[in-house]
Structure formats: C-alpha cells, structure tokens
Amino acid sequence: MIPINILSKMGIYELKIPQPAKAKFKVNVKVEVTVIVIDSVALINRNIADLRSLLQRPVVGFDVKFGIDGHKTDTKIAKLLILYVEDRCLIIQLDRLASVPDCLKDFLGDETICFVGTYMEDKTDIEDKVKGFLRYDILCRTGVEVGDLVSRVLKTEKFSTLGLASLCYQFGLYPVTITGVPETTPDRNARFFTDVEVEYAIFQARSCYRIGNLMLSKLNL
C-alpha cells in the first residue's frame, strides 16, 4: 500500500480556468482551481475538513455522476461525488472506497449548508440520487436547485426555468474557452483522468457554487 503522505500528493490537479470577457453580472471567478481526486478513505477526513474550513458562506457546489453498477448492468449507481468550495474541488470516487467515513456523511448531512446543484427538485432524478446514495448510506437533505435559489433571492420567476448553461451565460461562467477542444466527458469507471476531463467534470459543481455564493452574499450571509 502506498504511504498516506505520498498518496496525498497524488490525484491533485492544478487547473487554470479563464473567465469569459463578457458577463451580464460580474462574478469573482478565481482562475486557479485545485482539484483533488480521492479513491481512499484515508484521504477523506483531512480533505473534508479543509473544504469545510474554506466555507465563507454556507454553500457548496454539488454534483453526482452516475454510472452502471459493474455487478448489475441495468442498475445506475453514484460513481463520482463532486463538491466545490472557493477554489477547491473534491472528486470522490465513491465506488472505489472501502467504506464511507462518518465525516463525509456528517458533512453532507449538515442542514445548515446549501448544497447547490442541478435537477435537485426533479423527482425522478432525486429518486436516482437517493438510490445511488443509499448504497453508500449517504443522505443529503438540503440539496437546492440553482435556478430556484436564484429566483428566490432575486424575486423573479424567470430564472427558475433556465438551465445551467443559460444561467452560466447570465453570470459569465460558461466555459467557452476550455482548452479549445470539444466537450470531454470523463469515463466514470476510470481510475485516472486528464486535466481536460477533470475541468469538464467539475463544471456543474463549480458553476453552481459561484452562482450560489453570489446569491447568498445578497442575503448578507
């Protein structure tokens, strides 16, 4: 087994993500993002503690990537759990963990935090997410749909019907300049990812965090 002090240096991606030149609303997008891909229980405690320490407001960008269960080809399970705060992102390879530590369960179960994502209010999607999470005994009760959050804060219904891509254009976050290549969806069964795959993998969580953080700032949180 690889020693933890060495393992902790692996799986780290240092990305530089450019901000589009034009934006209807100005958002302070940090261009340098540290992404940590985790496939070991031993690495979760410290990284969750670090992520929590970065919370200036009670908001976390949230995404789940599903894949087919290797044992049951017709069953979708949660493969990647993606959490984003400030300039830090964790990609947790759930199906590669020997177990799910309490610190992760406690973090996702913290009902003082808004976990902002997409399709959070769609019943079918939530059922899928619950089924996927039950395999790992994880429950997140305070998932918030990004469009609904924006509409409630700005007190206008129009944002609730917009998809994430449209919201990103509104807030100047759409990744029109991602390395100049077509969208590259990461293989959710892979152990390792390229920088481009990681950048696309974190897009939803990163965008939801930035928009959610801006909305909560308007509430003086």
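Points to keep in mind about this one:
- Pair list, Cβ under 6 Å, 6 or more apart: segment 84-96 residue within 14 Å of ILE44 (Cα to Cα), other residue part of a loop (DSSP other than H, G, I, E, B) and at pLDDT below 95: CYS89/ILE202; GLN93/ASP39; LEU94/TYR136; ARG96/ASP39
- Residues of segment 83-108 satisfying the condition of being modelled with pLDDT of 95 or more, farther than 16 Å from LEU139 by Cβ and among the aliphatic types (A, V, I, L, M): VAL85, LEU90, ILE91
- Matching residues, segment 185-221, being within 17 Å of LEU167 (Cα to Cα) and part of a loop (DSSP other than H, G, I, E, B): ILE202
- Within segment 1-31, the set of residues being modelled with pLDDT of 70 or more, assigned to a loop (DSSP other than H, G, I, E, B) and out of contact with any helix residue (DSSP H, G or I) (no Cβ under 7 Å at 6 or more places or on another chain) comprises MET1, ILE2, PRO3, LYS9, MET10, GLY11, VAL31.
- Residue count for segment 45-61 under the criterion of being within 15 Å of LEU108 (Cβ to Cβ) and modelled with pLDDT under 95: the result is 1.
- Number of residues in segment 147-194 that are surrounded by fewer than 13 Cβ atoms within 10 Å (Cβ to Cβ), charged (D, E, K, R) and either modelled with pLDDT under 80 or closer than 28 Å to ASP95 by Cα (or both) equals 3.
- Complete set of residues in segment 132-162 that are free of Cβ contacts under 8 Å to residues at least 12 places away in the same chain and acidic (Asp, Glu): GLU157
The values are calculated or read from the model by the stated rules, or taken from the named source; none is laboratory data. The structure displayed is predicted, hence computed values, not measured ones. With ideal geometry, Cβ positions are generated from the backbone for all residues, glycine too; neighbour counts draw on all protein chains shown.
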